[in-house]
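Everything on this sheet refers to the single structure shown next.
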Amino acid sequence: MKVVLAVDALTPPLSGIGRYTWELASRLALESSIDQLHFYRNGYWIRNPAALLDPSLSAAGPHAYKDLAPRWNSVKSLRWIGGVIRCKGAIFHGPNYFLPPCTDRGVITIHDLSIFKFPETHPVERIRQFEKHFSLSIQRADQLITDTQTTREEVIKFLGWPEDRVTAVHLGVSERFRPHKFCQTEPILARYELQYDGYALCVSTLEPRKRIDRLLDAYSLLPAQIRDRYPLILIGPRGWLNEDLHLKITAGTRAGWLKYLGFVPEEDLPIIFAGARLFIYPSIYEGFGLPVAEAMSSGVPVVTSKFSCLPEVTQGAAMLIDPDDIEDFSTIIHRGLDDDEWRAKANSAGLNIAESYRWSRCIEDTVLVYRKIRHGQVGPKKTFNTNGKLSED
């Protein structure tokens, strides 16, 4: 079996899709059923995808890590030097929604439909990218992958695809996310001036659908002694469409109950997760919500949104909230920090559930989708139109 993997999402710091792409890139090579695995990024064949994670090489542009093959403007000429491999005949996997024109057989991972359901929460340039490329990519795809069953059902309904051509494949959690004792966390937590079991944590991009502004509103309603004892730690990229949110972050920081760390090196994150007393994730729409699974795997109780796939991912282990109900949200945060009986149950349940989220299983299930394509288990091609429906060619 010959596979080409698009690695355009491998840009430091890794997003959730970037993490997913890296796990595919690093683990598919170990699959015995894959005879050839090659990597593609925006018209270049990539010899070593790990180089894309080097910030200095990434900043230098594609010429720092591309193969010797030139970037061909003609799709028909897109090939390795010497004709070692072409797109034609390979199963092309686009783990970030898109497939290039050279695709002969392919699969797309659709992580969520937020670009269609909540376009106002996305930058204009990303909306334009979808308008230009998504419908064409759908036409080229033989199979679709989603991160959860919830998203699978949404995709089938929205795109009108046959059920046997859309497969839910859960993401995984790195083995580095696990419970840690105080002595294991102290050196790194001290670097960030954090106390073990002494803070609430949220890890998220600062963008509208994550509802971080509602989290700050709810946290500000907690009794002062609770906020002083358990400050809120916020980690994640600065995001977009969030000027008012940054004003609230500044106010909470000045008041002393909020600390925004921004970007944190990936190697430090498992320790910061494990040291938290409570993990809070109020997003109103997710394809999976990887930070929630990482928190459960770290043995940390979770408060998260009752919307989209998050109840599926947490399977009853988390307390669920409507982030727009600020008073109730605040009450549940208080309970999550203070109710030891619930915390013990949530900790145990979360660890059990997180055991099923393993990258090895994600890869195995993904290869099964490749085999469907290889063995011709595909239906007629579909044509996407602007109302979200598909019609057969």
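Regarding the stretch 211-220, can at least one residue be identified that is open to solvent by less than 50 Å² (accessible area, probe 1.4 Å) and closer than 17 Å to residue 346 by Cβ? Checked against the condition, which is being open to solvent by less than 50 Å² (accessible area, probe 1.4 Å) and closer than 17 Å to residue 346 by Cβ, the stretch 211-220 yields no hits at all.
Inside the stretch 104-129, can you point out the residues that are under 20 Å from residue 166 (Cα atoms) and of a type outside the set (Asp, Glu)? Those that are under 20 Å from residue 166 (Cα atoms) and of a type outside the set (Asp, Glu): 105, 106, 107, 108, 109, 110, 111, 113, 114, 115, 116, 117.
Of a type in the set (Ser, Thr, Tyr), open to solvent by 20 Å² or more (accessible area, probe 1.4 Å), assigned to a helix (DSSP H, G or I) and closer than 23 Å to residue 357 by Cβ: is that true of residue 167 in this structure? Spelling it out, it is not the case that residue 167 is of a type in the set (Ser, Thr, Tyr), open to solvent by 20 Å² or more (accessible area, probe 1.4 Å), assigned to a helix (DSSP H, G or I) and closer than 23 Å to residue 357 by Cβ. Residue 178 meets each of the listed conditions (1) modelled with pLDDT of 95 or more; (2) in contact with a strand residue (DSSP E or B) (Cβ under 8 Å, 6 or more places away or on another chain) apart from (2).
Among the residues making up the stretch 253-287, those that are farther than 20 Å from residue 330 by Cα, out of contact with any strand residue (DSSP E or B) (no Cβ under 9 Å at 6 or more places or on another chain) and among the hydrophobic types (A, V, I, L, M, F, W, C) are 271, 274.
Which residue is least open to solvent (accessible area, probe 1.4 Å), if the candidates are limited to the stretch 1-58 and must be assigned to a loop (DSSP other than H, G, I, E, B) and in contact with an Asp or Glu (Cβ under 8 Å, 6 or more places away or on another chain)? Restricting to residues being assigned to a loop (DSSP other than H, G, I, E, B) and in contact with an Asp or Glu (Cβ under 8 Å, 6 or more places away or on another chain), the top hit is 1. For the stretch 121-151, what are the residues that are open to solvent by less than 10 Å² (accessible area, probe 1.4 Å), in a helix (DSSP H, G or I) and more than 21 Å from residue 102 (Cβ to Cβ)? Matches in the stretch 121-151: 121, 151. Which count do you get for residues in the stretch 254-272 that are of a type outside the set (A, V, I, L, M, F, W, C), modelled with pLDDT of 95 or more and surrounded by 12 or more Cβ atoms within 10 Å (Cβ to Cβ)? Residues that pass the stated criteria total 4.
Apart from one condition, residue 294 fits all of (1) open to solvent by less than 10 Å² (accessible area, probe 1.4 Å); (2) under 17 Å from the mean Cα position of the chain (by Cα); the exception is (1). Scanning the stretch 337-369 for residues that are hydroxyl-bearing (Ser, Thr, Tyr), in contact with a helix residue (DSSP H, G or I) (Cβ under 9 Å, 6 or more places away or on another chain) and either within 17 Å of residue 295 (Cβ to Cβ) or crowded, with 16+ Cβ neighbours inside 10 Å (or both) yields 357, 366.
The values are calculated or read from the model by the stated rules, or taken from the named source; none is laboratory data. Keep in mind the model is a prediction, meaning the values are calculated, not measured. Counting neighbours? That spans all protein chains shown, and the Cβs are built from the backbone with ideal geometry, glycine included. Remember, those area values only see protein heavy atoms, side chains included, never the ligands or the DNA or RNA. Shrake-Rupley method; radii C 1.70, N 1.55, O 1.52, S 1.80 Å.
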